[in-house]
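S.K.: Before I ask anything, let me first share the structure, which is written out below as structure tokens.
The values are calculated or read from the model by the stated rules, or taken from the named source; none is laboratory data. Because the structure is a prediction, the values reported are computed rather than measured. Here the Cβ positions follow ideal geometry from the backbone for every residue, glycine too, while neighbour counts run over all protein chains shown. To get the accessible areas, we keep the full protein, side chains included, count just its heavy atoms, and leave off ligands, DNA and RNA. Shrake-Rupley method; radii C 1.70, N 1.55, O 1.52, S 1.80 Å.
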Amino acid sequence: TAKGMGRNNYQAYVAVPEESHQQRLALEAKLRQAERNGELRVFYQPQVDTTTEDIVGMEALIRWEHPELGMISPGFFIPLAEETGLIIPIGEWVLRAACQDARRWQVRFSLPLRISVNLSPLQLRQPNLVGLVAAVLEETGVPAHLLDLEVTESISVKSIPNLLETLQALRELGCQISIDDFGTGQSSLDYIKRFPADRIKIDQAFVRNIGLDPDDEAIVQATIGMAHNLNRAVVAEGVEIEAHLDFLRGLGCEVLQGYLFCRPLPAASFESLLSERERLHQESRISNLQD
Ligand code: C2E
Ligand code: MG
Ligand code: MG
Ligand code: MG
């Protein structure tokens, strides 16, 4: 082993990447089995209307429940899935599962709940992506305008042939497009102008500093102003405290998402949340009638 080589630092240095390469291969093999073994879950985080605080939709966020390692966050395995191409079957599975759950809730609660699904750069390179989305909408019965596809701003147009055309085709199907993690990429304003999107999601890196850093507040304010002038709605992510809510409300940001309202929940818990909300609404309607 490297340790047995005494002071030979070079050997000690190369041993580390070798070891992590082994671990990486092992993890990749496990991820390959994860879908088949039923270890993948979709969690849902509510998106609320800034004015009414009603739940208007939910973002689908994948989790991997590994039998030994426990719940693994997507920040850890999505990059691996992206590098190995496993994101293609996994992404398709998420899209289908999220649309099935969303349709069940749209019908059960008679609400136009919007379902937001993250698309990875590799999925956007698949020539049959538009066909897949159309097929899933058809299978599940989700109205196209209630499916929102989130595409990260840092995605490079150059590396994805026909990106803008693909997004345009998805919009022609009737789906909505959101630019995720807005402000963290290096897009030019011209690119933003041409990017066919309905909504902009302000990254939590900026939202987090509301009340702390006037520069970040200025960026949030300018982003919301620009988005509205371009006829894009704004969603703020990472809303954690009342001060964030107050600031964003004052600027007319339409939709909020963050721990202040709710963490991402397993499907069954999300459904319980919706039925609790429905019960509260009905109670307040009855008491309004009695007043
Ligand atoms: P994202 O799409 O920007 O998702 C928002 C992330 O912020 C989620 O992390 C969510 O749990 C977290 N978050 C929500 N509210 C708050 C808050 O108030 N404070 C803080 N600190 N964090 C908050 P998560 O679930 O770990 O997902 C991380 C990233 O992994 C996502 O970022 C997305 O890029 C990717 N991801 C998740 N699910 C999928 C998927 O199904 N497909 C693809 N391609 N990527 C996914
Ligand atoms: Mg997202
Ligand atoms: Mg985001
Ligand atoms: Mg983000």
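S.K.: Within segment 148-183, take every residue that is assigned to a loop (DSSP other than H, G, I, E, B) and in contact with a strand residue (DSSP E or B) (Cβ under 7 Å, 6 or more places away or on another chain) and give me the one that is surrounded by the most Cβ atoms within 10 Å (Cβ to Cβ).
M.R.: In this case the residue turns out to be CYS175.
S.K.: Something else now. Is it fair to say ALA227 is of a type outside the set (Ser, Thr, Tyr), closer than 18 Å to ILE177 by Cβ and not in a helix (DSSP H, G or I)?
M.R.: Taking the combined requirement at face value, the residue does not satisfy it.
S.K.: Let me ask something else. Taking GLN204 and the conditions (1) among the polar types (S, T, N, Q); (2) without any contact (Cβ under 8 Å) to a residue 40 or more places away in the chain; (3) open to solvent by 40 Å² or more (accessible area, probe 1.4 Å), which numbered condition does it fall short on, given that it satisfies the others?
M.R.: Only one criterion is unmet by GLN204, namely (2).
S.K.: Return only the number of the condition from (1) crowded, with 22+ Cβ neighbours inside 10 Å; (2) within 13 Å of ligand 4 (Cβ to nearest atom) that ALA227 does not satisfy.
M.R.: With respect to (1) crowded, with 22+ Cβ neighbours inside 10 Å; (2) within 13 Å of ligand 4 (Cβ to nearest atom), ALA227 is out only on (2).
S.K.: Still on this model: Looking only at segment 149-189, which residues are in contact (Cβ under 8 Å) with a residue 60 or more places away in the chain and within 15 Å of ligand 4 (Cβ to nearest atom)? Step through it out loud before you land on a result.
M.R.: So the first thing to find is which residues in segment 149-189 are in contact (Cβ under 8 Å) with a residue 60 or more places away in the chain, and the list is 150, 176, 178, 180.
Scanning segment 149-189 gives GLU150, SER178, ASP180.
S.K.: Taking helices (runs of 4 or more DSSP H) that do not extend beyond segment 12-124, which have at least 3 residues that are closer than 18 Å to SER272 by Cβ and among the hydrophobic types (A, V, I, L, M, F, W, C)?
M.R.: 87-108
S.K.: Follow-up question, since we're still on this one. Would you confirm, using the coordinates I've provided, whether GLU217 is over 27 Å from GLN168 (Cβ atoms), of a type in the set (Asp, Glu) and over 21 Å from the mean Cα position of the chain (by Cα)?
M.R.: Yes: the conditions hold for GLU217.
S.K.: How many residues, within segment 240-277, are farther than 18 Å from GLN100 by Cα and either open to solvent by 30 Å² or more (accessible area, probe 1.4 Å) or part of a helix (DSSP H, G or I) (or both)?
M.R.: 20
S.K.: Here's something else I'd like to know. Please enumerate the residues belonging to segment 140-181 that are among the polar types (S, T, N, Q), at pLDDT 95 or above and within 16 Å of ligand 2 (Cβ to nearest atom). Please lay out each step first, then the result.
M.R.: Our first condition is that a residue be among the polar types (S, T, N, Q); within segment 140-181, this holds for 140, 152, 154, 156, 159, 162, 166, 168, 176, 178.
Okay, now just the ones that are also at pLDDT 95 or above, so 140, 166, 168, 176, 178.
Across segment 140-181, the qualifying residues are GLN176, SER178.
S.K.: Moving on. Which pairs have Cβ atoms under 8 Å, sit 6 or more apart or on different chains, and link a residue in segment 31-47 that is closer than 16 Å to PHE76 by Cβ to one that is more than 16 Å from ligand 1 (Cβ to nearest atom) and part of a loop (DSSP other than H, G, I, E, B)?
M.R.: GLU39/PRO67
S.K.: Select from segment 206-223 the residues that are in a helix (DSSP H, G or I) and either out of contact with any helix residue (DSSP H, G or I) (no Cβ under 8 Å at 6 or more places or on another chain) or hydroxyl-bearing (Ser, Thr, Tyr) (or both) and write down the one among them that is nearest to MET58 (Cα to Cα).
M.R.: THR223
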